[in-house]
Structures are given as structure tokens and as C-alpha cells.
1. Which value at 222 nm does the protein assembly as shown reach when only helices count, each DSSP H run of 4 or more adding -39,500 (n - 2.57), with the total divided by all residues and rounded to the nearest 500 deg cm²/dmol?
2. Taking the Cα centroid of region A:120-194 and of region B:62-93, what is the distance between the two, rounded to the nearest whole Å?
3. Find the percent of Cα-Cα distances in region B:221-298 that exceed 16 Å, and round it to a whole number.
4. When you count, for each residue, the other Cβ atoms within 10 Å and take the mean per peptide, how do A:161-171, B:93-103 rank with the highest first?
5. Peptide A:121-128: average number of partner chain Cβ atoms within 10 Å per residue?
6. Taking N as the number of residues in region A:1-123, what value does Rg over Cα atoms divided by 2.2 N^0.38 Å take?
7. For chain A, what D do you get in µm² per second when you plug the Kirkwood radius from alpha-carbon pairs into Stokes-Einstein at 4 °C and 1.567 mPa s?
8. Among the DSSP beta bridges whose two residues both lie in the protein assembly as shown, what percent are antiparallel, rounded to the nearest 5?
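Read-outs: derived from the displayed coordinates by stated rules, not from any lab. The model shown is predicted, which means the values in this text are computed figures rather than measured ones. Glycine gets a Cβ as well: all are built from the backbone with ideal geometry, and neighbour counts include every protein chain shown.
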């Protein structure tokens with residue numbers, strides 16, 4: 001199992017004849033993704049590395065039954081590409097393009113949401129469901145199959161985290177980069193909910209950064225709705241206020257969106273926060289061991305008729321542990 | 001991108017909004033002649049990209065031409081929160097009866113433009129927002145449908161009782177909403193929106209931030225960029241297509257990807273060092289970019305060591321390595337450099353780097369620790 005993409009994902013690549021589009025279409029195919037079509041207006045009828053190219057997404061969908069679109073077109077055309085994919089009837093749109101105007105995104109967000117289409121990105125690396133499908137630009141060779149879900153607002157930082165997990169022998173179900181812009185299609189909560197519902201995912205790594213309040217909202221959600229262990233990392237503890245740190249969304253404005261607040265919110269929800277991405281597997285293992293112990297004791301407790309108070313104690317323990325880590 | 005008050009007012013005027021007349025001056029003589037042509041008392045207002053100009057003494061009332069001369073002299077060249085005033089706006093002074101606030105921001109939570117109005121406008125609006133948030137009225141506007149007249153009227157009625165004032169303010173709110181879209185803003189503000197004794201509503205201040213991602217299609221606004229108001233290294237970085245933010249430390253950082261660049265800075269601090277900058281060379285790995293990055297970083301006299309951290313995905317490590325060699329030959333750096341390259345074409349990169357004498361590290365944590373050690377050695381030696 002996995003989330004959002006799997007063996008049944010049939011991909012149409014918008015902008016397949018461009019520099020990035022052609023390279024990554026080939027890479028996706030190599031990974032095992034079912035890349036069924038490409039689209040570049042004016043180049044319909046041709047082929048790119050054996051992939052048929054169409055004039056429009058509608059034509060491509062009609063001919064190949066593609067259900068997912070991935071967008072590599074330049075920023076001035078990316079919004080139009082999303083509308084085109086939405087109107088052509090795909091159920092998932094992954095927009096890799098960086099530099100899309102935020103006001104346009106607000107409109108297309110409402111448009112796709114209203115039609116029940118999942119939009120991931122823009123300005124994101126896409127996603128990989130290990131050994132099944134890769135949509136986007138993540139390097140497939142750093143992932144191994146396993147039971148950890150990874151969700152992140154970043155690109156290369158996500159790779160770093162995945163690599164740390166892989167090196168520790170902790171494989172992944174799905175790794176997803178949701179994008180670094182202010183307005184994005186799929187957020188932490190949407191993804192966490194999907195991981196919670198996914199049978200194969202046993203634990204989640206969540207990587208946030210400064211700007212906005214998505215991490216704080218996610219922390220509340222995790223505390224309330226998630227049974228699976230989550231560990232986190234927040235980038236931007238040293239970022240100065242009022243400066244855009246590369247990503248359009250990574251900015252501390254009006255004193256809100258600081259790393260400190262986010263770390264505090266996560267820790268308050270019982271989510272250990274790593275100081276370095278390399279610590280993520282260690283924290284995850286601790287958290288899973290803790291839950292196993294809790295499960296054992298609560299089983300015993302169930303026999304003694306009560307299990308509830310144990311939960312609270314365990315959650316508090318988590319907070320203390322990660323706080324001690326920070327001081328170090 | 002931020003633009004100045006006088007530039008935002010130009011956009012307001014184009015949208016038909018009522019703004020007092022004024023002109024920009026860069027020297028005292030011009031300031032005086034603008035004041036003479038206005039022929040009435042004026043305000044002398046510093047044009048810098050920072051809030052709280054008034055409290056810092058950068059906004060003054062001038063009764064007559066002599067006073068304009070005095071204040072222009074004082075304000076031009078003044079330092080406001082680290083920025084030097086190079087331009088002043090000379091604008092007609094108006095008598096103020098009430099001060100309100102009107103703003104529109106790009107809201108990440110609702111994913112809509114949110115209009116905020118408050119009858120408690122003026123220089124203390126931030127405190128009003130923090131201490132008495134109930135005094136700020138908000139409306140999230142559906143970005144597809146746009147702002148309806150009745151919505152603008154409802155917002156305006158939170159500001160005034162008199163229907164004549166409500167009508168004027170409603171029109172201004174609608175016009176401001178148009179400015180927001182026409183300029184691809186992420187924030188527009190009127191603070192204060194005032195009423196005069198003869199019952200007119202006027203925007204006497206203006207603030208506007210534009211979405212950098214939309215500048216490609218807003219050429220006129222892109223040309224408003226004031227290079228004087230920015231850090232020169234940040235300007236060079238932008239021209240070289242790099243994301244760069246200057247910090248106060250002594251360890252230069254070159255990283256690919258914004259998140260990883262932030263995480264690398266954070267780790268420098270975590271292990272006891274001080275990062276000198278945030279620098280993201282971006283996704284594609286043009287060797288020229290690495291050279292530009294090195295030039296920017298090495299031009300900072302505080303630098304004691306440089307760390308390069310690359311996790312190759314689309315970025316190819318061999319390209320980065322070529323850039324590093326290029327930078328070595330061209331810039332002949334004297335500070336120690338430590339490199340960690342991992343991912344795509346890592347082996348080729350290692351071969352290329354053998355041409356130059358630099359330290360390498362295998363992991364994120366180790367490259368950071370090594371850079372800190374080298375910076376400290378350099379300080380002692």
C-alpha cells in the first residue's frame with residue numbers, strides 16, 4: 001500500500017519535450033512509473049523516448065486513460081497547465097514548476113478543490129511510492145521499501161531525511177514533497193490523514209519549515225486524530241524575520257511563522273523534533289519502541305480494566321525526552 | 001518585492017483613489033521647489049522599506065518653505081533601522097479628523113485575499129492587532145468571484161456611521177482590491193485612511209508588496225525596484241539567479257535547495273558556530289552559479305570558513321565540483337573550504353575535486369562540524 005500514487009497510476013507529462021520534462025519523464029519510466037503520454041502543443045504525433053506526445057491533455061487522457069498529470073512547464077504557463085489537466089479529467093495533478101504567482105494559485109486551488117481533484121505543489125519535488133511509482137523529480141535510488149511515510153515542504157532536505165532513514169534501514173511507503181509556496185494544493189493535514197488511513201504506513205516523518213502555520217495546525221491534527229507515531233524536523237531556526245528564505249512560503253512575517261513556535265507546537269503535541277535530519281531515525285525508533293512498550297503495558301492494563309491513564313503518561317514522556325535532546 | 005510609498009500612491013492614483021498630491025525629491029533644493037509649487041503646508045516623508053518611519057523621526061510636518069528646507073536636510077541621509085534615507089516624498093498636508101486602517105493580504109490559511117479594516121488606524125495598528133484583535137474586521141474574498149459591492153459597503157460601515165463617508169470608503173476598498181490584483185500584490189495597506197473636516201476620505205499613506213513570482217508580467221512595477229534600498233550582495237545574488245540572505249556570522253554556506261540550506265545554517269548554530277548567510281544555488285547546477293556564489297561569499301570580510309553541502313538530485317555533483325574548481329582558479333580563496341557532495345554523479349565529482357586542495361566530509365553533520373573547527377582555527381591562527 002501507499003498513498004496518492006501506486007502501480008495503477010498512469011502518468012501524462014505536461015511539457016514532456018522541455019529540458020526538465022524530457023529528462024524526468026525518462027527517469028520516472030526507469031523507476032517503473034507507468035508514463036503513458038506526454039503533452040506539448042505543436043508536437044502532437046511525435047514520440048519522446050518511446051512515449052507518445054499529444055497536442056492536449058484531453059487528447060492524451062482520451063487515448064491513454066492517464067489518471068495523473070505531472071507538470072514541468074515554465075512558470076508563465078503552469079497555471080494554465082493545471083486548469084487544462086483539471087478539465088481533462090485526471091484525478092491527481094502534481095505541479096513541479098517553481099515560481100507560480102500566488103494569486104493565480106488561489107484561484108486554481110478553489111477550482112480543483114471544487115472538482116474533487118487532488119493537486120500537489122506547486123514548487124515541489126513530487127512523490128515516490130517505493131517500488132511502485134515515482135511522479136516528479138525525487139531521486140528514486142535513495143528510497144527503499146518499508147513502513148515509514150515521509151511528508152515535507154522541502155526538496156533536497158527531504159532527500160536528506162529519506163537518506164538518513166534508508167541508511168538506518170528504515171524503508172518508506174510513500175515520500176512526498178508538498179511544496180514550498182504560500183498557496184499549495186495538498187497540505188500536511190491532507191497527507192497525514194492519508195498516512196493514518198494507509199495500512200502499510202506504521203510511522204510518519206514530517207519536515208516543516210518557517211512561514212505560515214501549517215505545522216501548528218498539523219500538530220493539533222496529529223494529537224487529535226493520529227494513532228501512528230510521528231517525528232518531526234523544522235528548518236529555519238536561524239532565519240531572520242522578514243526575509244524570504246528561497247521558498248516563497250519560507251518567511252517569518254509579522255512575528256509569526258517562526259521555527260521556535262513550530263517546534264513548541266509539535267513538542268506540545270507529543271511529537272519529538274530532531275535537531276538534525278540525521279537524528280530522525282533515532283527519534284523514530286525511540287518513539288516506536290515507546291509505543292510498543294505502551295501497547296504491551298496497556299494490554300496488561302486492559303486485563304486490569306483500565307488503559308486510558310497510561311496514554312497520557314506516555315505522551316508526556318515524549319515531550320520531556322525531546323526537550324532534553326534540545327538542551328544537549 | 002517592496003515598493004516605496006510614493007510608488008504605491010502612483011498605483012493608487014491610476015486606480016482612481018483619492019491621494020493627496022505630492023512629488024519625490026532626492027535633494028533639499030528639489031524638496032523646496034516641490035513645496036513651493038504645492039503652495040500650502042506639506043509633509044516631508046522618508047522613503048525607506050521599513051515600518052515605523054514616523055516614530056523614527058522620518059515623517060515631519062512643514063508649515064512653510066523654510067521648515068521644508070530644515071526637515072529635508074535632516075531626513076535625507078538619516079538612518080532608519082539600518083537603512084539610509086535617499087528619497088523624500090513632499091506631499092500636501094491635510095487636516096485629519098479620524099484615522100482608520102484598510103489592508104489586503106494574501107492569506108495562506110483561507111487561500112483567499114483577506115481584507116482587514118479597523119476604525120482604530122494609525123501608527124499603533126500593530127498593537128491594536130495584538131491586544132484588541134476584535135477591533136479588526138476581516139473578510140476573506142472568494143478569489144474567483146471577486147469583491148462584491150455589498151461586501152465593500154459592509155466593511156466600510158465598520159469604519160464610519162455617516163453614509164456619505166461609508167460610500168466613499170466602500171469605493172476606496174473596491175479600488176484597493178483592484179490594485180491588489182492589478183499589481184499582483186501580496187499585501188496592500190492604507191494606514192491611515194483619514195477623514196478631513198470637510199467630509200472627504202483620503203489615503204494619506206500607502207504600502208504595497210508585490211509577489212516576486214509575478215514580476216515577469218508586471219514590468220512597470222518590476223522597474224520600481226530600488227537597488228539602493230537593498231543589500232548589494234543580495235542584488236548580485238538575485239542577478240545570478242541565486243537565493244541569498246546575509247547574516248552576521250563567519251561561516252559561509254553554499255547549499256542546493258532552500259530547505260536544506262536553512263537546515264545547514266541551523267546545524268552550524270546547533271554545533272556552536274555562526275552562519276554568515278543563507279545561499280541556495282537552486283535546482284539546476286550550472287558551474288557558473290557556483291562561481292557567483294563563491295564570489296559573493298568570499299567578498300564578505302568576516303568569513304573564516306566556507307562549507308559547501310550538496311545533495312544531488314537534479315543537481316549534478318560533477319557540475320558543482322567543476323564550479324568549485326573554477327572558483328578556486330579564479331578567486332584563489334584564502335579561507336578554508338570544506339565540501340560534502342552526495343547523490344547524482346558523486347564519483348565523478350570526487351575525481352574533479354582532486355585537482356584542488358580542499359577538505360571533504362561524508363555527512364551533513366560532519367561537514368558542519370568541520371567548517372566550525374576550521375573557522376575557529378582560522379581565528380586563532
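1. Values: 23 runs with 280 residues, N = 709.
The per-residue figure over the protein assembly as shown is -12500 deg cm²/dmol.
2. Using only Cα atoms to place each centre, the spacing works out to 53 Å.
3. Numbers: 1497 of 3003 pairs.
Here the long-distance tail beyond 16 Å is 50 percent of all Cα pairs in region B:221-298.
4. Numbers: A:161-171: 20.1, B:93-103: 18.3.
The densest-packed peptide leads the list: A:161-171, B:93-103.
5. On the way: counts 0, 1, 2, 0, 4, 0, 0, 0.
The shielding value for this peptide is 1.
6. On the way: Rg = 13.2 Å, N = 123, 2.2 N^0.38 = 13.7 Å.
Normalised by 2.2 N^0.38 Å, the Cα Rg of region A:1-123 equals 0.97.
7. Numbers: Rh = 20.4 Å.
Translational D for this selection: 63 µm²/s.
8. On the way: 57 of 109 bridges.
Taking every DSSP beta bridge with both residues in the protein assembly as shown, the antiparallel ones total about 50 percent.
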